[in-house]
1. Please specify each residue of region 26-58 satisfying the condition of being more than 22 Å from the chain's Cα centre (by Cα) and surrounded by 10 or more Cβ atoms within 10 Å (Cβ to Cβ).
2. Checking the condition at pLDDT below 95 and not charged (D, E, K, R), which residue from 19, 84 passes?
3. For region 59-67, state whether one or more residues are in a helix (DSSP H, G or I) and either loosely packed, with under 10 Cβ neighbours inside 10 Å or touching a strand residue (DSSP E or B) at 6+ places or on another chain (Cβ under 8 Å) (or both).
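The values are calculated or read from the model by the stated rules, or taken from the named source; none is laboratory data. Bear in mind that the values here come from a model prediction, so they are computed numbers and not experimental data. Cβ sites come from the backbone with ideal geometry, for glycine too, and all protein chains shown count toward neighbours.
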Amino acid sequence: MEDDLCEKCKAKKTDKQTLEQLEQKLSAIIREARDADAKAEDIEDAVYDLKAVNPNRPPDIDTRTPTELLAVIAPKGREADVALDHLQQLVSK
């Protein structure tokens, strides 16, 4: 009977050791998965600008004066007001 108890104690120790080893392996696998997921997100979030750019092309500079810009903006504002009034009429019907 004492032999049976010793066998059970040894089995429990072995089970505890095995369990600890498995937990360590699991932790390592989880860590690797998190690292891989982070790398995948970095790749996915990266912005790739593949347009062709000519470094010798002179930059486009807007040389309009503030008065000229206002002359362009004002009619567009009136167009937007007309469109908003039209939408308001449609919604109120």
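1. 26, 27, 28, 29
2. After applying the criteria, what remains is 19.
3. There is at least one residue in region 59-67 that is in a helix (DSSP H, G or I) and either loosely packed, with under 10 Cβ neighbours inside 10 Å or touching a strand residue (DSSP E or B) at 6+ places or on another chain (Cβ under 8 Å) (or both).
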